[in-house]
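A.B. asks: Pasting a structure below so you can have a look.
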Amino acid sequence: MSIKPLAFRMRPRTIDEVIGQKHLVGEGKIIHRMVKAKQLSSMILYGPPGIGKTSIASAIAGSTKYAFRTLNAVTNNKKDMEVVAAEAKMSGKVILLLDEVHRLDKGKQDFLLPYLENGMITLIGATTSNPYHAINPAIRSRCQIFELKPLTEDEVITALTTAMEDSERGLGEKQIQISEEALSHFASASNGDVRSSLNALELAVLSTKADAEGLINIGLQEAEECMQRKSLAHDKDGDAHYDVLSGFQKSIRGSDVNAALHYLGRLIEAGDLVSISRRMLVIAYEDIGLASPQAGARTLAAIETAERVGFPEARIPLANAVIELCLSPKSNSAIMAIDAALADIRAGKSGEVPDHLKDAHYKGAKELGRGNDYKYPHDFENGWVKQQYLPDKIKNKVYYHPKNTGKFEQALGVVYNRINE
């Protein structure tokens, strides 16, 4: 048995052996067409770990018969790239799989660019980060960008079954009997990460003693012990992190309690109390806002409790607050109002503060006409008097538009409309 893990040994040798990613490598799809026509261009493959980035690169090389080399943008240095470049000069073309391509520094980038331009090196960059955010434009502009998706459970099961039947590279020489529950657990607990499921299967097979007839029985218990819990693809600085936070806020905004609790659970599993707290406070004021002002104070109280008790108990006050935020009336009138005001200011639509509002607390202000005609509202009935506050240039601007989704803002709207009238 090779010391290399099962997932490594079972990498596809040709593009037709790739499991999953049919939107890219299926018959007639872009990468499949490129390979069959042997018209390769440099590309960046991005997506969560273990879903086939390296496998597709290996399959492309196997299908085209070009030399294939693998480097890491962090651990390999410029000299390693020079070796690849020298091989490309001798053979005419080399496919270079560059892992963590988003970490490529300027020196290595500058060295690679001429070889990408003349086609001697076909770069296949692999990254878990969104290339539009993380990869230098000089590299990005020379590559096609393809997003890979986590494999479905059926696709992971296909990969596992193939590995158990393959006597050359897989586990086919062993007599394995696996229950449907165990197979399903390997597939579902991996969250689409076929690499982790294959390696867990191999661990289960190698660590389970065969019975008297030489049969290795893998049941649900063995699968659970070897798979353990697949940690979520959730890098706190990565693209997936912001996707989950976005899903979290949009679910609360859309009043979907179950979806919001799901995304909260994912953030809790990642142990990211800081991001949870910040986003919940933003939501309380951005999306609930004046429709239910008390939601902000109660959200802050829940966050302070969560910080004090820590995980796992912190999940309880957080869940309480999330459910309240979901089911609270919604109003974005405040954020829309301030953003409209800021947009005018940034567009140069401001003007001079009216003279009667300018500071008059200094000697000579009166002579300059500062504050002379200011009317003090408290001197008038109901504490209000009609006078101009906006600069002349935008004196008729309206930024705030009250909503009727909550009783509090309805009351504000009555006062607001009466003043305007």
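The values are calculated or read from the model by the stated rules, or taken from the named source; none is laboratory data. In this text, all values refer to a predicted model and were calculated from it rather than measured experimentally. Every residue, glycine as well, gets a Cβ built from its backbone with ideal geometry; the counts of neighbours run over all protein chains shown. Please note that ligands, DNA and RNA were not included when accessible areas were found on the heavy atoms of the full protein model with its side chains. Shrake-Rupley method; radii C 1.70, N 1.55, O 1.52, S 1.80 Å.
A.B. asks: Condition first: closer than 24 Å to residue 330 by Cα and hydrophobic (A, V, I, L, M, F, W, C). Can you find one or more residues in the range 304-311 that meet it?
C.D. replies: no
A.B. asks: Is the range 261-278 home to any residue that is at pLDDT 85 or above, in contact with an Asp or Glu (Cβ under 8 Å, 6 or more places away or on another chain), more than 25 Å from residue 316 (Cβ to Cβ) and surrounded by 13 or more Cβ atoms within 10 Å (Cβ to Cβ)?
C.D. replies: Scanning the range 261-278 turns up no residue that is at pLDDT 85 or above, in contact with an Asp or Glu (Cβ under 8 Å, 6 or more places away or on another chain), more than 25 Å from residue 316 (Cβ to Cβ) and surrounded by 13 or more Cβ atoms within 10 Å (Cβ to Cβ).
A.B. asks: Still on this structure, please answer the following. Give the residues of the range 70-128 that are assigned to a helix (DSSP H, G or I), more than 28 Å from residue 150 (Cα to Cα) and basic (Lys, Arg), sorted by residue number.
C.D. replies: Answer for the range 70-128, where residues must be assigned to a helix (DSSP H, G or I), more than 28 Å from residue 150 (Cα to Cα) and basic (Lys, Arg): 78, 79, 89, 106, 108.
A.B. asks: State which residue is farthest from residue 149 (Cα to Cα) when the search covers only the range 19-36 and only residues that are assigned to a loop (DSSP other than H, G, I, E, B) and under 25 Å from the mean Cα position of the chain (by Cα).
C.D. replies: 19
A.B. asks: Could you list all residues from the range 299-313 that are touching a residue at least 24 places away in the same chain (Cβ under 8 Å) and of a type in the set (A, V, I, L, M)?
C.D. replies: 303, 306
A.B. asks: Right, something else. Is it the case, given these coordinates, that residue 360 is more than 30 Å from residue 267 (Cα to Cα) and surrounded by 15 or more Cβ atoms within 10 Å (Cβ to Cβ)?
C.D. replies: Answer is yes for this residue.
A.B. asks: Tell me, which residue of the range 139-168 that is of a type in the set (D, E, K, R) and more than 23 Å from residue 31 (Cβ to Cβ) is surrounded by the most Cβ atoms within 10 Å (Cβ to Cβ)?
C.D. replies: Only one residue fits best here, namely 153.
A.B. asks: State which residue pairs qualify: first residue on the phi > 0 side of the Ramachandran plot and inside the range 349-369, second residue open to solvent by less than 100 Å² (accessible area, probe 1.4 Å) and of a type outside the set (A, V, I, L, M) in any location, beta carbons under 9 Å apart, and separation of 6 or more residues or different chains.
C.D. replies: Correct list of pairs: 351/391; 364/370; 369/355; 369/356; 369/358.
A.B. asks: Kindly state which helices (runs of 4 or more DSSP H) lie completely within the range 129-224 and contain at least 3 residues that are modelled with pLDDT of 90 or more and within 22 Å of residue 46 (Cα to Cα).
C.D. replies: 153-165, 194-207
A.B. asks: A further question on this structure: Report whether or not residue 207 is open to solvent by 60 Å² or more (accessible area, probe 1.4 Å) and touching a helix residue (DSSP H, G or I) at 6+ places or on another chain (Cβ under 8 Å).
C.D. replies: Yes: the conditions hold for residue 207.
A.B. asks: Only one of 396, 404, 382 is of a type in the set (S, T, N, Q), in contact with a helix residue (DSSP H, G or I) (Cβ under 6 Å, 6 or more places away or on another chain) and free of Cβ contacts under 8 Å to residues at least 12 places away in the same chain; which?
C.D. replies: That would be 404, the only listed residue that is of a type in the set (S, T, N, Q), in contact with a helix residue (DSSP H, G or I) (Cβ under 6 Å, 6 or more places away or on another chain) and free of Cβ contacts under 8 Å to residues at least 12 places away in the same chain.
A.B. asks: Return only the number of the condition from (1) out of contact with any Gly (no Cβ under 8 Å at 6 or more places or on another chain); (2) closer than 15 Å to residue 48 by Cα; (3) surrounded by fewer than 21 Cβ atoms within 10 Å (Cβ to Cβ) that residue 136 does not satisfy.
C.D. replies: (2)
A.B. asks: Something else: Considering only residues of the range 363-376 that are exposed (fewer than 11 other Cβ atoms within 10 Å of the Cβ) and of a type outside the set (D, E, K, R), which is farthest from residue 407 (Cα to Cα)?
C.D. replies: 364
A.B. asks: Step by step: first the residues of the range 98-133, then only those that are basic (Lys, Arg) and over 22 Å from the mean Cα position of the chain (by Cα), then the one that is most open to solvent (accessible area, probe 1.4 Å). Which residue is that?
C.D. replies: Ranking the candidates gives 106 first.
A.B. asks: Moving to a separate point now. Six or more apart or on different chains, Cβ atoms under 9 Å: show the pairs whose first residue is in the range 173-185 and touching a residue at least 24 places away in the same chain (Cβ under 8 Å) and whose second is hydrophobic (A, V, I, L, M, F, W, C) and loosely packed, with under 13 Cβ neighbours inside 10 Å.
C.D. replies: Pairs found: 175/215; 176/215; 177/215.
A.B. asks: Here is a follow-up. Please go through the range 37-69 and pick out each residue that is polar (S, T, N, Q) and in a helix (DSSP H, G or I).
C.D. replies: 54, 55, 58, 63, 64, listed by residue number.
A.B. asks: Sort through 397, 403, 330, 363 and tell me the only one that's of a type in the set (Lys, Arg) and more than 30 Å from residue 296 (Cα to Cα).
C.D. replies: The match here is 363.
A.B. asks: Let me ask you something else. If you go through the range 341-348 one residue at a time, do you hit one that is closer than 19 Å to residue 289 by Cα and touching a helix residue (DSSP H, G or I) at 6+ places or on another chain (Cβ under 7 Å)?
C.D. replies: Checked against the condition, which is being closer than 19 Å to residue 289 by Cα and touching a helix residue (DSSP H, G or I) at 6+ places or on another chain (Cβ under 7 Å), the range 341-348 yields no hits at all.
Residue by residue, here is whether (1) over 29 Å from residue 400 (Cα atoms); (2) among the basic types (Lys, Arg); (3) out of contact with any Ser or Thr (no Cβ under 8 Å at 6 or more places or on another chain) holds:
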residue: 244; (1), (2), (3): yes, no, yes
residue: 249; (1), (2), (3): no, no, yes
residue: 265; (1), (2), (3): yes, no, yes
residue: 270; (1), (2), (3): yes, no, yes
residue: 275; (1), (2), (3): yes, no, yes
residue: 280; (1), (2), (3): no, no, no
residue: 294; (1), (2), (3): no, no, yes
residue: 320; (1), (2), (3): yes, no, yes
residue: 340; (1), (2), (3): no, no, yes
